[in-house]
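Down below is the structure, laid out as structure tokens.
The values are calculated or read from the model by the stated rules, or taken from the named source; none is laboratory data. Keep in mind it's a predicted model, so treat the numbers as computed, not measured. Note: ideal-geometry Cβ built from the backbone for every residue, glycine included; neighbour counts use all protein chains shown. Keep in mind that these areas ignore ligands, DNA and RNA; they rest on the heavy atoms of the full protein, side chains included. Shrake-Rupley method; radii C 1.70, N 1.55, O 1.52, S 1.80 Å.
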Amino acid sequence: MFLTATNLVHYLTARGFVSPCDVVDGQFSVIEAGQHNRNFKVLSGARGGIFVKQIQAIDRLAQSSLLKEAQVYRLAKKFPEWAASMPVLLGYDQTRHSLIFELIPDSQNLREYYYQQNAFPTLLAGLLAEALSCYHRLSFDVIALDAAIPDLQKKVPWIFTYYKKSYFPPKSLSAGAVQFAELLRSKPALTEHLDRLFETWRFETLIHADLKWDNCLIYHDVGQSKLKV
């Protein structure tokens, strides 16, 4: 059921994502890159690479989340600008609860970039803003959207009320997360704005529900820096 660096070779070869010649000729390597999921970077010679994402444990929430992710990628194909800001989804395996993506060559997430460069240029901030604006400019027919992603949740982002209550178990919070809530509570003018956003929030388009530096990939294409979410 669960993929490992060993059985991943057979899995990808059987599905046609990897050539047996690449494996035999030694142009094949597997790098585990998982944090919250079972992630693998697969390098396969001239054919480029594959990124495989599999859920960590079989539970209903994780299965539902992965299915929605696959549905979002399929929906994005109808919007070229939006699809261009995302990695290319090659396949979704419901029995293995895994997503298979085209690997972006020589890419790194923004966390890795920051630790390496100790800087965050305004150019990257601009690229991230452009990518996110693709989501926020999208216009959907509500009925069609519900049909494309049946279990799509309509919730006001939790961050607006984070200073009032935590949505996470106490022991799961880092010291920084606790301090952040304390900082928010010390800024009445800011919390007033958060309250107003909570009250006036409208459900009109999609937003990224897990935006963090780990989910933003920076790479170079024809000498230009580019970013995918």
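Looking at D141, D151, which one is free of Cβ contacts under 8 Å to residues at least 60 places away in the same chain, within 30 Å of Q71 (Cβ to Cβ) and not hydroxyl-bearing (S, T, Y)?
When all the criteria are applied, what remains is D141.
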* From Y73, Y114, grab the single residue that is part of a helix (DSSP H, G or I), among the aromatic types (F, W, Y), in contact (Cβ under 8 Å) with a residue 12 or more places away in the chain and farther than 19 Å from A148 by Cα. => Y114
* **Residues within the range 21-42 that are open to solvent by 80 Å² or more (accessible area, probe 1.4 Å) and in a helix (DSSP H, G or I), tallied** => 2
* Which numbered condition G91 fails, given (1) part of a helix (DSSP H, G or I); (2) surrounded by 14 or more Cβ atoms within 10 Å (Cβ to Cβ); (3) of a type in the set (G, A, S) -> (1)
* Asked: Does V30 fit the bill of being of a type outside the set (G, A, S), over 28 Å from G223 (Cα atoms) and out of contact with any Pro (no Cβ under 8 Å at 6 or more places or on another chain)?
  -> no
* Asked: Out of the range 104-126, which residues are in contact with a Ser or Thr (Cβ under 9 Å, 6 or more places away or on another chain) and crowded, with 18+ Cβ neighbours inside 10 Å?
  -> L124
* Would you check if K78 is within 23 Å of M1 (Cβ to Cβ) and not hydroxyl-bearing (S, T, Y)? => no
* To do: Test each condition in (1) over 15 Å from L217 (Cβ atoms); (2) outside any helix (DSSP H, G or I); (3) within 19 Å of the chain's Cα centre (by Cα) for D106 and report the one that comes out false.
  => (1)
* Structure fact -> Residues in the range 127-172 that are surrounded by 10 or more Cβ atoms within 10 Å (Cβ to Cβ) and not aliphatic (A, V, I, L, M) total 19
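Return a yes/no flag: does the range 122-138 have any residue that is in a loop (DSSP other than H, G, I, E, B) and either over 23 Å from the mean Cα position of the chain (by Cα) or free of Cβ contacts under 8 Å to residues at least 40 places away in the same chain (or both).
No - not one qualifying residue is present in the range 122-138.
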* What residue, among those in the range 173-229 that are open to solvent by 50 Å² or more (accessible area, probe 1.4 Å), of a type in the set (S, T, Y) and not in a helix (DSSP H, G or I), is nearest to A33 (Cα to Cα)? -> S174
* Output for the range 51-84, where each listed residue is acidic (D, E) and modelled with pLDDT of 90 or more -> E69, E81
* **Unique match (being modelled with pLDDT of 90 or more and either touching a Lys or Arg at 6+ places or on another chain (Cβ under 7 Å) or farther than 30 Å from A14 by Cα (or both)) among P150, P169, P87** => P87
